[in-house]
Amino acid sequence: MKMERYYDREHECASREQMIAWQSERLVKTVERVYNNVPYYRKKMDEAGVRPEHIHGIEDLHLLPFLTKDDLRDAYPYGLLAEPLENCVRIQSTSGTTGRRVVAFYTQHDVDLWEECCARALVAAGGTNEDVVQVCYGYGLFTGGPGLNGGSHKLGSLTLPMSSGNTDRQIQFMVDLGATILCCTPSYAAYLAESIIERGQRDQIKLKAGIFGAEAWTEEMRHDIEEKLGIKAYDIYGLTEISGPGVSFECSDQKGMHINEDHFIAEVINPVTGEVLPDGEKGELVFTSITKEAFPLLRYRTRDITILSREQCPCGRTTVRMTKPLGRSDDMLIVKGVNVFPSQIETVLLNTGYPANYQIIVTRENNSDRIEVQVEMTPEMFSDSLSEVSAREKELVNALKAMLGIYCAVKLVAPKTIERSEGKAKRVIDKRNLYA
Amino acid sequence: MTVRQISVFLENRPAALLEFTKLLEENSIDLRALSLAEAEDFGIVRIIVDDSYKTMQVLKDAGYVCNMTKVLAVEVEDKPGALVKVLKALGDNGVNLEYTYAFLSSKKGSAFMIMRVADNDAAVKALSAAGIKTVCQDDLGALFQ
């Protein structure tokens, strides 16, 4: 296969007029469909005084009410489903606040369009059907593995469905099968790079590119990984609610991530007032999915802070670009690629009999995230027996692991040592400086 | 025939024990015995003092998490094999020892072991049947004169 610069030139390089025409047509259809098929949407739109006939094109998008994670929670599990269940073929899921998960449904059409978005990202990173794509994102409910796996299939690359973990095996397959593109979280890429160097196998690998996402990473980290693995490192963005990875991706010019806006209309809003902001201004990213069948979300507030740009990219793609997320407009943390809400931790503490006065400390050492919860000791939890106190601490660690899906260290501290500020408590201390 | 032990939660950081002992000093509390058990991120200091109720109050006022438990103070002769005799008496009677630490008094020829067991009564019975003495809280003061 000859090296093609785009997976889908027609959509990735369309004129602005053409893109707006597609978006408008698809938006009108989607709004009509959800209004007629989804009682939850109809109620929401009726409350906002908006009817499908008010939406003529993307110029009317701002009339639609926002959708938030709370809506997804209220509507769990089937409330936002826009297709009969018998037409759905897949779910993916992500952790939500207070333990309630978000479940997204896919028809075969939805899986295909998601995988095509990932294929676009692979081609933008130089991928062809001659590549060997090693996917070490987790497989299962998490969208990382299935998304890149599907994209690699669409492209016709040889796909190594490694899933996460087992570094020995990862390196062995990477060497033996000559993997050329690596897909994983940036922190795992950094870890793999170090392990490969430690084993003296740097000259045995054939990697040329990596597609790294699902967590925030810095430019320093990018350079570090690129240097250690001898590759070019590309960022990729996505969220389960909208489809998964591949909602946007970097091209080789790396001037932000191209949004697949023929599928997902992007807006940036003032997170406080909800007002739509012009390109170039920093605000909360909002997506409207206009091609999905089973789970189309209208004006979904991602809580990610970004800036949009429509300046012509040297790569030739005309799609709007977003900066790497610059922060969050809520208190969600992304630790080891997993969404963590302080409220989840609070729930666990209360359920296990600990006081709700706590502090979450997130650090990054050797490019790997560490999360620790500091809890104040209380007379009720205390005992003269070390084994009793330790057992209780272990119980908390296990309960946190069950809730969050990742290991969270616990540190018991003396009473009244966690600062109580007036008003809102400072619950989270993120020392990673990811958005600096 | 038990003594009152106070256990206190201490953070694992420099000077935590120093601050604790300073507080005892400021309140003229006399330590009879002390032992420190450490976990990865915290420690439990266990003490026997002259005035346990006053100490509890001082510690609580200072914001420490602490509790009081009854433990055995066993007199052990100062000669080889004496501890074996004590432990044999407990072991033969099925008494499980959770932790123990020693202290000395002004009494010549004897050492004392603090012993934490699940069943104090059974332990005292087993020890006295073997001719081993345990000290009660009220007798503790006399050992330090």
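The values are calculated or read from the model by the stated rules, or taken from the named source; none is laboratory data. From a predicted model like this one, the values you see are computed outputs, not experimental measurements. Here Cβ is always computed from backbone atoms with ideal geometry, including for glycine, and neighbour counts include all displayed protein chains.
The table below gives the values:
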read-out	value
Matching residues in the stretch A:396-409 - criterion: being part of a helix (DSSP H, G or I) and within 14 Å of chain B (Cβ to nearest Cβ)	A:Leu396, A:Val397
Residue that is within 10 Å of chain A (Cβ to nearest Cβ) and either among the small types (Gly, Ala, Ser) or touching a strand residue (DSSP E or B) at 6+ places or on another chain (Cβ under 9 Å) (or both), where the choices are B:Ser7, B:Ser52	B:Ser7
Residue within the stretch A:385-393 that is within 13 Å of another protein chain (Cβ to nearest Cβ), assigned to a loop (DSSP other than H, G, I, E, B), more than 29 Å from A:Arg432 (Cα to Cα) and not charged (D, E, K, R) present	yes
Out of B:Ser110, B:Ser106, sole residue that is away from every other protein chain (no Cβ under 14 Å), touching an Asp or Glu at 6+ places or on another chain (Cβ under 7 Å) and hydroxyl-bearing (Ser, Thr, Tyr)	B:Ser110
Within the stretch A:62-169, strands (runs of 3 or more DSSP E) holding 2 or more residues that are under 20 Å from the mean Cα position of the chain (by Cα)	A:88-94, A:102-107, A:132-135
Residues of the stretch B:57-78 classified as free of Cβ contacts under 8 Å to residues at least 60 places away in the same chain, facing chain A (nearest Cβ under 9 Å) and of a type outside the set (Phe, Trp, Tyr), total	3
Test: residue in the stretch A:297-306 that is in contact with a strand residue (DSSP E or B) (Cβ under 8 Å, 6 or more places away or on another chain), basic (Lys, Arg), under 13 Å from A:Leu404 (Cβ atoms) and at pLDDT below 95	no
Single residue of A:Gly144, A:Gly127, A:Gly165 found to be surrounded by 21 or more Cβ atoms within 10 Å (Cβ to Cβ), within 16 Å of A:Gly337 (Cβ to Cβ) and either in the same structural domain as A:Val89 (by TED's automatic domain parsing) or not hydrophobic (A, V, I, L, M, F, W, C) (or both)	A:Gly144
For A:Val413: the one exception among (1) over 18 Å from A:Ala216 (Cα atoms); (2) surrounded by fewer than 19 Cβ atoms within 10 Å (Cβ to Cβ); (3) of a type in the set (Val, Ile, Thr); (4) within 14 Å of chain B (Cβ to nearest Cβ)	(2)
Residue check, B:Arg46 out of contact with any Lys or Arg (no Cβ under 9 Å at 6 or more places or on another chain) and touching a residue at least 24 places away in the same chain (Cβ under 8 Å)	no
Any pair with Cβ under 6 angstrom, 6 or more apart, that starts in the stretch A:100-120 at a residue that is under 15 Å from A:His153 (Cα atoms) and ends at one that is of a type in the set (Ser, Thr, Tyr)	A:Leu113/A:Thr291; A:Trp114/A:Ser243; A:Ala119/A:Tyr7; A:Arg120/A:Tyr7
Residues being in contact with a helix residue (DSSP H, G or I) (Cβ under 9 Å, 6 or more places away or on another chain), surrounded by 14 or more Cβ atoms within 10 Å (Cβ to Cβ) and modelled with pLDDT under 95 - total across the stretch A:32-90	4
Residue satisfying condition, being in contact with a Gly (Cβ under 8 Å, 6 or more places away or on another chain) and of a type outside the set (Gly, Ala, Ser), within set A:Ile259, A:Ile265, A:Ile269	A:Ile269
Filter result (part of a loop (DSSP other than H, G, I, E, B) and under 23 Å from B:Ser105 (Cα atoms)) within the stretch B:1-30	B:Met1, B:Thr2, B:Asn27, B:Ser28, B:Ile29, B:Asp30
Qualifying positions in the stretch B:24-48 - more than 13 Å from chain A (Cβ to nearest Cβ) and closer than 17 Å to B:Ala62 by Cα	B:Leu24, B:Glu25, B:Glu26, B:Asn27, B:Ser28, B:Ile29
Yes/no for A:Ala190 being of a type outside the set (Val, Ile, Thr), farther than 30 Å from A:Asp279 by Cβ and in contact with a Ser or Thr (Cβ under 9 Å, 6 or more places away or on another chain)	yes
Unmet criterion (only one of (1) in a loop (DSSP other than H, G, I, E, B); (2) out of contact with any Gly (no Cβ under 6 Å at 6 or more places or on another chain)) for A:Lys206	(2)
Among the residues listed as A:Ile345, A:Ile361, the single one being assigned to a helix (DSSP H, G or I) and either surrounded by 15 or more Cβ atoms within 10 Å (Cβ to Cβ) or among the charged types (D, E, K, R) (or both)	A:Ile345
Qualifying helices (runs of 4 or more DSSP H) (wholly inside the stretch B:31-143; at least 1 residues being among the aliphatic types (A, V, I, L, M) and modelled with pLDDT of 95 or more)	B:52-61, B:82-92, B:120-129
Failed item in (1) in the same structural domain as A:Glu198 (by TED's automatic domain parsing); (2) in contact with an Asp or Glu (Cβ under 9 Å, 6 or more places away or on another chain); (3) over 20 Å from A:Arg222 (Cα atoms), with A:Leu326 passing the rest	(3)
